[in-house]
Amino acid sequence: MVSAEVAQRFAAPVSFPPHHLYQLQGVHATWDGAIFHNLRLFLPSIVYPKFASRFQDTLLLRQWVGSKVKVPAASCVAICHDQWSVENYYHWLVDTLPRLLILRQSHPDILLLLPEPLAPKQMPDYIQRSAAVFGFTRYLPLTIRQVLQADCVVLPELTAPSLNQNPELVQQVRAELVAALSPSPVLATRKVYAARAAKGVRSLVNEPQVDALLQEFGFEKVYFEQLSFLEQISLMRETTVFLGVHGAGMTNMLFLQDGAKVIELLNEGYGDLCYFRLASCLELPYYFVPCVGANQELANQSDIMIDIDFLRQIIKQVV
């Protein structure tokens, strides 16, 4: 139903290079997980080595002049998040939690560094709740204005290239979160549309027409940012068809039951296929609705136009 060029993107192979667990001595770290020693950045602590230029100059000087938080002597602290997972739901659940599984094998009770937002913002509830599921309840919060100084830091690398997922570990993350936070069996009957927040990126240009179509098929319109972490999990356990625009809310497919179906509205020219790959890891049927960006200069951040007739065809197949 899509062009050969678009379909070819879904057939691209995924590889998983080895990941390592490092133990570093006498280092500093920023709130978003970048580790450095003197004027040298430890590249495995950032998302991509090509981003190293973003961690230069005054950032490196803060190890001497910044507000320091010191780890007690003879204690280790673990860092399992990076610049993309400090305040991003997808990257915390899909990138950081698998790293906690690896960390738990060798350091099950270690002190865990967590990113602490500046007031009046608060740490999202999903961070501590999910970390606790894997046994990590000892935390060291660090704000953007502080620098960690530690004699010992333990760093598990990403378990898959960013925007990819390790299927075995993602399935384990899913199983442990559901068992701990939503263990009671429930019948899945709801059809849920994960709507984008007002005035956010990737808004729907023709949203009224989309809303009318989805109401016709019995979809509920939900704004995930208005729900707690536990409420999001509970809703997904009751959902049999999950539809949404490409964005962090799609991460909640983690909590769908086996056999539930996923429909993603995705900019056909720029959208990353991370949610297609996540659905594949979870063995969930996935359907793709190609959308046209309203402003090509904004690439994946552009508002999008939905082909209503195409969306109707997909929904008829799914329901």
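Assorted remarks:
Here is a yes/no grid of residues against (1) at pLDDT 95 or above; (2) part of a helix (DSSP H, G or I); (3) under 24 Å from Leu298 (Cα atoms); (4) under 16 Å from the mean Cα position of the chain (by Cα):
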site: Ala198; (1), (2), (3), (4): no, no, yes, no
site: Arg202; (1), (2), (3), (4): no, no, yes, no
site: Leu213; (1), (2), (3), (4): yes, yes, no, no
site: Gln257; (1), (2), (3), (4): yes, no, no, no
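- Within region 182-210, the residues that satisfy the criterion of being surrounded by fewer than 19 Cβ atoms within 10 Å (Cβ to Cβ) and in contact with a Phe, Trp or Tyr (Cβ under 8 Å, 6 or more places away or on another chain) are Ser182, Ala197.
- Only one entry of Ser302, Ser280 meets the criterion of being modelled with pLDDT of 95 or more and among the small types (Gly, Ala, Ser), and that entry is Ser280.
- Criterion: aromatic (Phe, Trp, Tyr), outside any loop (DSSP other than H, G, I, E, B), without any contact (Cβ under 8 Å) to a residue 40 or more places away in the chain and assigned by TED's automatic domain parsing to the domain that holds Arg202 - qualifying residue of Tyr275, Tyr270: Tyr275
- Residue check, Ala52 in a helix (DSSP H, G or I), closer than 19 Å to Leu155 by Cβ and hydrophobic (A, V, I, L, M, F, W, C): yes
- For region 127-141, residues that are buried (at least 17 other Cβ atoms within 10 Å of the Cβ) and more than 20 Å from the chain's Cα centre (by Cα) total 2.
- Given (1) touching a residue at least 40 places away in the same chain (Cβ under 8 Å); (2) outside the structural domain of Pro156 (by TED's automatic domain parsing); (3) within 19 Å of Val170 (Cβ to Cβ), index of the condition Val6 fails: (3)
- Exactly one residue out of Asp32, Asp109, Asp95 is of a type in the set (Asp, Glu), surrounded by 14 or more Cβ atoms within 10 Å (Cβ to Cβ) and more than 15 Å from Val147 (Cβ to Cβ): that is Asp95.
- Options Asp109, Asp57, Asp95; residue that is farther than 19 Å from Ser130 by Cα and either touching a helix residue (DSSP H, G or I) at 6+ places or on another chain (Cβ under 7 Å) or outside the structural domain of Gly249 (by TED's automatic domain parsing) (or both): Asp57
- Filtering region 26-52 to residues that are polar (S, T, N, Q) and at pLDDT below 95 leaves Thr30, Asn38.
- Residue within region 179-188 that is closer than 22 Å to Ile263 by Cβ and under 21 Å from the mean Cα position of the chain (by Cα) present: no
The values are calculated or read from the model by the stated rules, or taken from the named source; none is laboratory data. No experiment lies behind these values; they were computed from the predicted model shown. Heads up, the Cβs are rebuilt from the backbone with ideal geometry, glycines too, and the neighbour counts pull from every protein chain shown.
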